[in-house]
Each structure stands twice: as structure tokens, then as C-alpha cells.
Amino acid sequence: MVAASLKSFIEAKLPGAFLEEQRFGRAGAVAHWVEAASIARVAKLLKECPETRLDWLENLSCMQIDTALVLTYFVGASAAAEIRPLCLLRASVPVEGARELAEVPSVRASWTAAAPFEDEIAELFGVKFTPHKQGRRSLPAEVKGFPLRKGGAGAVG
């Protein structure tokens, strides 16, 4: 499925979930921006529909831009001939300060490979992936707050 038809596909199946397309990187790939609150439904749709069969999450990254955390999902198909390059999904969630948790629905139910990415992002950026519980897994106990958040040493108590 090509990028233009993916936009139409998401808009038709999940009205209101799709926001915009935007160029991503030097290669000219297209990122499909979706509402953060809809990301789990978009993931389920893209994995389960025969038209897309995007059943593989290669990577999930997070970065802070101004007062928003931007999540980028790099998604593909396990069948080699399905889609090249990877499909890029992006969602953003506003954050007011270094101490505030951001909530985003988890995509683990669709892409089990999301679990370690979500755990790391939860720990380093303060994103709560609902309904899953995350705990500190790799940072020393004395580290407070979210180290990769701008103003990152904000204690969370």
C-alpha cells in the first residue's frame, strides 16, 4: 500500500484519527500523523486489515520538541514483499513541565515488540502507556525524574 492510499485508508476506517502527512528525513519518506489517543486503534487496524498487514514494529522512538513529546512508530510487514520502505506513524502529546506524566495508549496488543520500547520511553521521558504499568528497570534508584525530558531532572516523587 502506498503512502497516499494509507492516508485515505486510515481516514475512511477511523474518522478523526488521521491528522496530516509530513515529509520525514532526507530520503523523502512520508510520516502519517495520527491523534495520540487513537494510536492503539490505528495499530490494530494496520495490523489486522488484509489491505495493510503491517504486523511488525521495528522501532519506536521519542523526542521532545518544545512542549510536546513526539512518538515515531516505524512499522513494516513480516512478509518481505509487503511494504518498503517502512511505514512511519507519528503522534504527539503535550507536556507542561519536567514532572508531568504524559499518557498515550499502548500498542503492545498489536505489536508485542513495543513492550521494551514503551518501557524505556516511560522511564526516560515520562510517558505512561495505558493500560500497562511500567516500573524503573534500568536507571539507578537515585535517578529521579525523566533524564531525556528537557529540564529532565524533575522529580516525580
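If R0 is 25 Å, what FRET efficiency do you get for LEU148 and ALA27 from their C-beta distance, rounded to 0.05?
Taking R0 as 25 Å, the efficiency between LEU148 and ALA27 is 0.50.
When a footprinting reagent is the concern and you count Cβ atoms within 10 Å, what order do GLU96, GLU123, GLU21 take, fewest first?
So the residues, fewest neighbours to most, are GLU96, GLU21, GLU123.
Rounding to the nearest 20 debye, state how big the charge dipole of segment 25-150 is about its Cα centre with +1 on each Lys and Arg Cβ and -1 on each Asp and Glu Cβ.
Using only the charged Cβ atoms, the result is roughly 120 debye.
Give me the number: length gained by fully extending GLU51 to LEU19, i.e. 0.36 nm times residue separation minus the C-alpha to C-alpha distance, one decimal in nm.
Fully extending the segment from GLU51 to LEU19 adds 9.5 nm.
Can you tell me the orientation of helix 39-48 relative to the chain, as the angle in degrees between its alpha-carbon axis and the longest Cα principal axis, to the nearest 10?
Taking the Cα atoms of the chain, the angle to 39-48 is about 40 degrees.
Mind checking the angle between helix 114-125 and the chain's longest principal axis? C-alpha axes, 0 to 90 degrees, to the nearest 10.
Rounded to the nearest ten degrees, it is 40.
How would you rank ASP119, ASP66, going from fewest to most other Cβ atoms within 10 Å of each one's own Cβ?
Going from sparsest to densest Cβ surroundings: ASP66, ASP119.
Against the longest alpha carbon principal axis of the chain, how many degrees, from 0 to 90 and to the nearest 10, is the axis of helix 3-13 turned?
80 degrees
Quick note: the coordinates plus some simple rules give every number you see, no bench work behind them. Just so it is clear, the structure is predicted and the values come from calculations on it, not from any experiment. Neighbour counts run over all protein chains shown; Cβ positions are idealised from the backbone, glycine included.
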